[in-house]
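The values are calculated or read from the model by the stated rules, or taken from the named source; none is laboratory data. What you see is a predicted model, and the numbers here were worked out from it, not measured in a lab. Glycine gets a Cβ as well: all are built from the backbone with ideal geometry, and neighbour counts include every protein chain shown.
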Amino acid sequence: MHTNRLTLWDFDDTLANSADAVTELAEQNPAVPAWMWWHNPALSTLAAERTTPIVERWLELAATPGDHAILTGRNGEAVEAWLRAHADHPVIGAAVRKIRGVISTSHNGDHKVVSISTAAKKAIIIARLAPRYADITLVDDTVENLEAAVEAVPTVRAIAA
Ligand SMILES: [Mg+2]
């Protein structure tokens, strides 16, 4: 049942501390192209396992009414694995279980050949969802993503994480 209110949460460095984990893995494995830690299903899942939740933001999510989904530039399987691993977390588990779906703009590295930015891909997805919701909020730590979303759908509420 839709509540007519949707909050889309970015994952990396919005809901989880990802940059540090990826930087560490990239330093330890210099032969692996850096993008693979974000986009390759197996490696991205390995990197996601090392990321810790940003607890304050999960508590915000728990207190926000309406539907919740993750809109990520990262490999979707990696985010789903992370959600499964945290579903019974004593503090954030209830919030994790409120996530209805993971929408990923990553396609295992085809960002290398498709010259469209993550921000543009996220904006396209939000524009597709817009007719179904009276009220859409995007929470994201990347300013370009917020700007592209508002440009595509001016009624979107953009919140910098
Ligand atoms: Mg991010």
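Taking Ile136, is it buried (at least 17 other Cβ atoms within 10 Å of the Cβ) and touching a Ser or Thr at 6+ places or on another chain (Cβ under 8 Å)? Criteria met by Ile136.
Report yes if Ala95 is surrounded by 21 or more Cβ atoms within 10 Å (Cβ to Cβ) and within 14 Å of the ligand (Cβ to nearest atom), otherwise no. Spelling it out, it is not the case that Ala95 is surrounded by 21 or more Cβ atoms within 10 Å (Cβ to Cβ) and within 14 Å of the ligand (Cβ to nearest atom). When Ala34, Ala95 are screened for being more than 20 Å from Lys122 (Cβ to Cβ) and modelled with pLDDT of 95 or more, only Ala95 passes. Looking across region 127-161, the residues that are over 19 Å from Arg57 (Cβ atoms) and in a helix (DSSP H, G or I) come down to Ala127, Arg128, Leu129, Ala130, Pro131, Arg132, Glu144, Glu147, Ala148, Val150, Glu151, Ala152. Please go through region 68-82 and pick out each residue that is of a type in the set (Gly, Ala, Ser) and surrounded by fewer than 19 Cβ atoms within 10 Å (Cβ to Cβ). Ala69, Ala81 - these are the residues of region 68-82 that are of a type in the set (Gly, Ala, Ser) and surrounded by fewer than 19 Cβ atoms within 10 Å (Cβ to Cβ). A search for C-beta distances below 6 Å between a residue of region 16-41 that is of a type in the set (A, V, I, L, M) and any residue that is away from the ligand (no atom under 13 Å from the Cβ) and in a loop (DSSP other than H, G, I, E, B), counting only pairs 6+ apart in sequence or on different chains, returns Ala21/Arg50; Ala26/Ala34.
When Ala19 is tested against (1) at pLDDT below 95; (2) within 16 Å of Val102 (Cβ to Cβ); (3) of a type outside the set (Asp, Glu); (4) within 14 Å of the ligand (Cβ to nearest atom), exactly one condition is not met: (2).
Annotation: His111 fulfils all but one of (1) surrounded by 15 or more Cβ atoms within 10 Å (Cβ to Cβ); (2) outside any helix (DSSP H, G or I); (3) at pLDDT below 95; the unmet one is (2). Of everything in region 23-50, what is of a type in the set (Val, Ile, Thr) and either crowded, with 22+ Cβ neighbours inside 10 Å or away from the ligand (no atom under 15 Å from the Cβ) (or both)? Give them in sequence order. Hits for region 23-50 are Val32, Thr45.
Taking the criterion of being under 10 Å from Lys122 (Cα atoms) and away from the ligand (no atom under 13 Å from the Cβ), the only residue of region 134-148 that qualifies is Ala148. Selection of region 1-16 for residues being more than 16 Å from the ligand (Cβ to nearest atom) and at pLDDT 95 or above yields Arg5, Leu6.
Restricting attention to region 51-67, the residues that are within 16 Å of the ligand (Cβ to nearest atom) and surrounded by 16 or more Cβ atoms within 10 Å (Cβ to Cβ) add up to 7. Condition check for Val102 on (1) under 13 Å from the mean Cα position of the chain (by Cα); (2) surrounded by fewer than 17 Cβ atoms within 10 Å (Cβ to Cβ): one failure, at (2).
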